[in-house]
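The structure under discussion appears below in the form of structure tokens.
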Amino acid sequence: ETGVTQTPRHLVMGMTNKKSLKCEQHLGHNAMYWYKQSAKKPLELMFVYSLEERVENNSVPSRFSPECPNSSHLFLHLHTLQPEDSALYLCASSQDFLSNQPQHFGDGTRLSIL
Amino acid sequence: AQSVTQLDSQVPVFEEAPVELRCNYSSSVSVYLFWYVQYPNQGLQLLLKYLSGSTLVKGINGFEAEFNKSQTSFHLRKPSVHISDTAEYFCAVRTSNTGNQFYFGTGTSLTVIP
């Protein structure tokens, strides 16, 4: 039990599809994150939410749209993706955005774009 | 700008031998340092962290790391590895002025040979 649950674990979609990734944390944390993990590259921070407000958006294409309806749930809506978007998408949470405590990660969603 | 360098992309080591995985960072402000491990098909799991105090920190699974401010390093060590330590290891840095934004290295793939 990692405390951070991501669904689905695997997703295959065409470039014209619309799908959503879901993340749920059971740790009572106030900050949540989306990362993209591609082979041989550092983890790329995509979005940060603190108390349901977006605080970071690191030049992510608009085909990725995050949503944080409450402090326990985070979504990543996908639309018209490209083959280079195939990667492992990791969700993480931390106690607070300004604390020095570590981030806790889910097991990720492996996304493949056909 | 902050950066994290993991000099070794792959480290093969025989079972029960010692191992050191290297991590260097660049930052002009105070840092908090972390090592994460990623097993196949899983997310990142915290191994250990340096926030303040003693520069030698001990983590789970027998790992330890030493913070060396003058050399801007945070190398991970284990005196005797097991087959189950085969995984990807990531060094991460958080600075005192960027909220809970982590900067990750590209990872080191540790393979323990029987």
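Read the figures in this text as sums done on the coordinates, not as results from a lab. Only a predicted model underlies this, so the values are computations on that prediction, with no experimental measurement involved. When we count neighbours, we look across all protein chains shown, and the Cβ atoms used for this are built from the backbone with ideal geometry, even at glycine.
Using the empirical formula 2.2 N^0.38 Å as the baseline, the Cα radius of gyration of chain B reaches a ratio of 1.02.
Seen from A:Leu74, the other residues with C-beta closer than 10 Å to its C-beta sum to a net charge of -2, counting Lys and Arg as +1 and Asp and Glu as -1.
Of A:Ala31, A:Ala87, A:Ala39, the residue with the greatest mean-square motion in the GNM of chain A, using alpha carbon springs below 10 Å, is A:Ala39. Working note: Karplus 6.51/-1.76/1.60 with θ = phi - 60° gives the stretch B:78-95 the couplings 8, x, 8, 8, 10, 3, 5, 7, 4, 4, 9, 10, 10, 8, 9, 10, 10, 9 Hz, where Gly and Pro are set to x. With a Förster radius of 45 Å applied to the C-beta separation of B:Ser3 and A:Thr16, the computed FRET efficiency comes to 0.75.
Taking a sphere under 15 Å around the Cβ of A:Lys22 and counting the other residues whose Cβ falls inside, with K and R at +1 and D and E at -1, yields a net charge of +1. Packing around the peptides A:98-106, A:75-83, taken as the average count of other Cβ atoms within 10 Å per residue, puts them in this order, highest first: A:98-106, A:75-83. Charged side chains reduced to their Cβ positions (Lys and Arg at +1, Asp and Glu at -1) give chain A a dipole of some 460 debye around its Cα centre. Positive-end ranking of B:Leu47, B:Ala92, B:Thr106 along the dipole of the protein assembly as shown, with charges on Cβ about the Cα centre, is headed by B:Thr106. Taking chain A, the Cys residues with no second Cys beta-carbon under 4.7 angstrom are A:Cys68.
Using a simple spin-label model with pseudo-atoms 7 Å out from Cα toward Cβ, B:Ser54 and B:Ser84 lie 2.4 nm apart. What the phi angles of the stretch A:75-89 give under the Karplus curve with 6.51, -1.76 and 1.60, with θ = phi - 60°, is a coupling list of 10, 10, 8, 10, 8, 6, 6, 10, x, 6, 7, 4, 5, 9, 9 Hz, glycine and proline written as x. Amide hydrogen proximity for A:Leu43: with H placed 1.01 Å from N in the peptide plane, the residues at 5 or more positions away or on another chain lying under 5 Å are B:Phe104. Each residue of the stretch A:10-25 is assigned a 3J(HN,Hα), and the resulting list reads 9, 8, 10, 8, x, 5, 9, 6, 10, 9, 9, 9, 10, 9, 9, 10 Hz, derived from the Karplus form 6.51 cos²θ - 1.76 cosθ + 1.60 (θ = phi - 60°), x at Gly and Pro.
Given springs between every Cα pair under 10 Å in a Gaussian network model of chain A, which of A:Glu56, A:Glu24, A:Glu67 has the largest fluctuation? Among A:Glu56, A:Glu24, A:Glu67, the largest mean-square fluctuation in the Gaussian network model of chain A belongs to A:Glu56.
Give me, ordered by chain and number, the residues 5 or more places off B:Gly107 or on other chains with an amide H under 5 Å from its own placed amide H. Residues meeting the criterion, in which the H sits 1.01 Å from N, are B:Gln6, B:Cys91.
Pairs spanning more than 31 Å between alpha-carbon atoms, out of A:Lys36/B:Lys58; A:Lys19/B:Lys58; A:Lys40/B:Lys69; A:Lys19/B:Lys49: A:Lys19/B:Lys58; A:Lys19/B:Lys49. With each label modelled as a point 7 angstrom along the Cα→C-beta vector, the B:Arg77-B:Ser96 pair spans 2.7 nm. Seen from A:Pro8, the other residues with C-beta closer than 12 Å to its C-beta sum to a net charge of +3, counting Lys and Arg as +1 and Asp and Glu as -1. For the protein assembly as shown, the fraction of C-alpha pairs farther apart than 23 angstrom is 48 percent.
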